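Below is one structure, written out as structure tokens; the observations come after it.
The values are calculated or read from the model by the stated rules, or taken from the named source; none is laboratory data. All values reported here derive from a predicted model rather than from experimental measurement. Glycine also receives a Cβ, built like all others from the backbone with ideal geometry; neighbour counts cover every protein chain displayed. To get the accessible areas, we keep the full protein, side chains included, count just its heavy atoms, and leave off ligands, DNA and RNA. Shrake-Rupley method; radii C 1.70, N 1.55, O 1.52, S 1.80 Å.
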Amino acid sequence: MPEESLSAGIVGAGIGGLALSILLRKADFDITVFERSKHISEFGAGVQLSPNGIKVIRQLGVEKQITKFASCAERIVIRKAENNKVISKIPLGRVAAKRYAADFLQIHRVDLIDVLFNKACELGVNFQFGREAIVKSVNKESSLISCGENKFKFDAVIAADGVHSTTRKTFFQFAKPRFLKQVAYRAMIPLDEVDAFWKKPEVKILVGPGSHIVLYPLISRSLLNIVLCCDEEVWSSDGWSNIAEPVEILHRFKVFKSVKSVLNQITEVHKWGLLEYENKYNWYIQSLALLGDSCHPMLPYLAQGANQALEDAASLAHFLSRRPALGVSESLELYYKNRRDRVLKVQKAARRNASLYHLSNRPGRLLAHTALNLAWQWMPSYLLTQFDWLYNYEAPN
Ligand SMILES: Cc1cc2nc3c(=O)[nH]c(=O)nc-3n(C[C@H](O)[C@H](O)[C@H](O)COP(=O)(O)OP(=O)(O)OC[C@H]3O[C@@H](n4cnc5c(N)ncnc54)[C@H](O)[C@@H]3O)c2cc1C
């Protein structure tokens, strides 16, 4: 007798949820994705996809489409906030593509989500838009989701519902997310309103005391993507992201003199409090698992949140597809064991970047900048090779 398809419900049509829906559909699961927004995401900013994430994009079968919308930076250039002086450079482009067998790309989140959504639709994933999905009950055989008037039973349920995951609050005994005393502002301005310097295909990181700014062009959208991060003692807002006043960034980033003309052009800006969960607990209970930011949000200082959600999706789909040898909860356990240490290492590396970028004391800064400068002058690829463990990674297939 042919084996019956398993069913899975996925809460959240973000990057993680959509990627998982495609991979599970390819493995012949019946998939329903629940998204509380009325439409697929129409908002967002730039996202950097590193080779480890691109290798999952390849598994999804959408690398060509993503490349069409994406920019490919040739290098990362780290500069000093006060005078724009180059501290160090890290080669990307062809050097990184050769080293890791995949590109480093920058893309607008809306384009990425659109490509993933279209692929999921093409493969026959079902979508329920416009209502909160609530996981009602979980046992070893199945999990139940209620959405509006309707109830849905699935062999497995995956909560990919972001950092403020309700599923997580209801079923997992985790503490509230911890504010990491860091905030990020995100803004975009038209590329044709800035000098040629800002249009170069590179990721610019300007570092100042207690703060840094990342800028890169999104060529196909003709936009300059700007992320501004700084230390902040208290995050009082309940939400994750708020609209902020452009004048706030002019004030907080006033030492970044060389970017002033760019910052002056910002008319709309959002502000995020950066959060993390303690990750010593399980990521699954019986037939329910967490994925992406609902499980392990991280500082964006290594540009890995979405890339790690993609890796999660590949790992989860790999273990869930190994039936009938494995039951659902055994598959979820293997997923957790496969992912946990890797994610903890990435979170730690992102926190380390926070301390490096935001150094405030003068001797410490001078020392760190000199070391970065010497590394680049003497061994141009040295800094890149320090991240081989991150970018060389191949998620299970
Ligand atoms: C400033 C900043 C810059 C960043 N830059 C990068 C970068 O360059 N590279 C990178 O890899 N990462 C980056 N990240 C991180 C990245 O954006 C996130 O890690 C990633 O988007 C998480 O994806 P996700 O699918 O887990 O969750 P989300 O994208 O948050 O998606 C969750 C989805 O679930 C839906 N949802 C929630 N609750 C329910 C419910 N009850 N019912 C139905 N739907 C629900 C939401 O509407 C949403 O669509 C950055 C983050 C920040 C803050």
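So for the chain: antiparallel DSSP bridges make up what percent, rounded to the nearest 5? Don't jump to the answer; show the numbers that get you there.
On the way: 54 of 76 bridges.
In the chain, DSSP labels about 70 percent of beta bridges as antiparallel.
Rounded to a whole number, what % of the accessible area of segment 1-126 do carbon and sulfur atoms account for, probe 1.4 Å? Can you show the working numbers first?
Values: 2590 of 5260 Å².
Accessible surface attributable to carbon and sulfur in segment 1-126 totals 49 percent.
What does the accessible area per residue of the chain come to in Å², with a 1.4 Å probe and no ligands, DNA or RNA counted?
Working: 17860 Å² over 397 residues.
On a per-residue basis, 45 Å².
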Response to the item:
Expressed in angstrom and ordered largest first, the alpha-carbon extents of segment 273-366 along the principal axes are 60, 19, 19
Item to complete: Please report, as a whole percent, how much of the solvent-accessible surface of segment 266-397 comes from carbon and sulfur atoms (probe radius 1.4 Å).
Response: 56 percent
Worksheet item: How large is ³J(HN,Hα), in whole Hz, for each residue of segment 168-173 in order, when computed from phi with the Karplus curve 6.51 cos²θ - 1.76 cosθ + 1.60 and θ = phi - 60°, using x for Gly and Pro?
Response: 4, 4, 6, 10, 10, 7
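Starting from the exponent 0.38 and prefactor 2.2 Å, build the expected Rg for segment 132-222 from its residue count and divide its actual Cα Rg by it.
Working: Rg = 21.6 Å, N = 91, 2.2 N^0.38 = 12.2 Å.
Expressed relative to 2.2 N^0.38 Å, the Cα Rg reads 1.77.
Considering every pair of different Cα atoms, what Kirkwood radius, in Å, is found for segment 323-397?
The answer is 15.6 Å.
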Worksheet item: Hey, any idea what % of segment 132-246's accessible area is carbon plus sulfur with a 1.4 Å probe?
Response: 51 percent
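Within segment 137-194, report the chymotrypsin sites (Phe, Trp or Tyr not before Pro) that DSSP leaves as loop and that have at most 16 other Cβ atoms within 10 Å. Kindly include the intermediate steps, with their values, before the conclusion.
On the way: sites: 152, 154, 171, 172, 174, 179, 185; in loops: 172, 174.
Passing both the DSSP loop test and the Cβ count: no residue.
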Response to the item:
Where a ≥ b ≥ c are root eigenvalues of the Cα gyration tensor, a/c under 1.5 meaning rounded, otherwise prolate if a/b exceeds b/c and oblate otherwise, segment 189-315 counts as prolate
Response to the item:
Taking the chain and counting helices only, DSSP H stretches of n ≥ 4 at -39,500 (n - 2.57) each over all residues, the nearest-500 ellipticity at 222 nm comes to -10500 deg cm²/dmol
Response to the item:
The answer for the net charge of residues other than residue 134 whose Cβ lies under 12 angstrom from its Cβ, with Lys and Arg +1 and Asp and Glu -1, is +3
Worksheet item: By the gyration tensor of its Cα atoms, with a ≥ b ≥ c the square roots of the eigenvalues, what is the shape of segment 62-101: rounded for a/c under 1.5, prolate for a/b over b/c, or oblate?
Response: oblate
Worksheet item: Considering only DSSP states other than H, G, I, E and B, which trypsin sites (Lys or Arg not before Pro) in segment 270-372 qualify as loop sites with at most 12 other Cβ atoms within 10 Å?
Response: 280
Discussion item. In whole Hz and in residue order, list the ³J(HN,Hα) couplings for segment 309-315 that follow from phi through the Karplus curve 6.51 cos²θ - 1.76 cosθ + 1.60, θ = phi - 60°; x for Gly and Pro.
Written reply: 5, 5, 4, 4, 4, 5, 5
Worksheet, complete the sentence: Taking only the alpha-carbon positions of segment 1-153 as identical scatterers, the Debye log10 I(q)/I(0) at q = 0.10, 0.17, 0.21 Å⁻¹ comes out as -0.48, -0.99, -1.27
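Are there trypsin sites (Lys or Arg not before Pro) in segment 3-80 that DSSP puts in a loop and that have at most 12 other Cβ atoms within 10 Å, and which ones?
38
If Rh is defined by the Kirkwood formula over all Cα pairs and Rg also comes from Cα, what ratio Rg/Rh do you get for the chain? Provide the component values of the computation, followed by the final result.
Details: Rg = 21.2 Å, Rh = 21.8 Å.
Looking at the chain, the ratio lands at 0.97.
Mind running the shape call on segment 1-76? Use the C-alpha gyration tensor, a ≥ b ≥ c as the square roots of the eigenvalues: rounded below 1.5 for a/c, prolate if a/b tops b/c, oblate otherwise.
Oblate.
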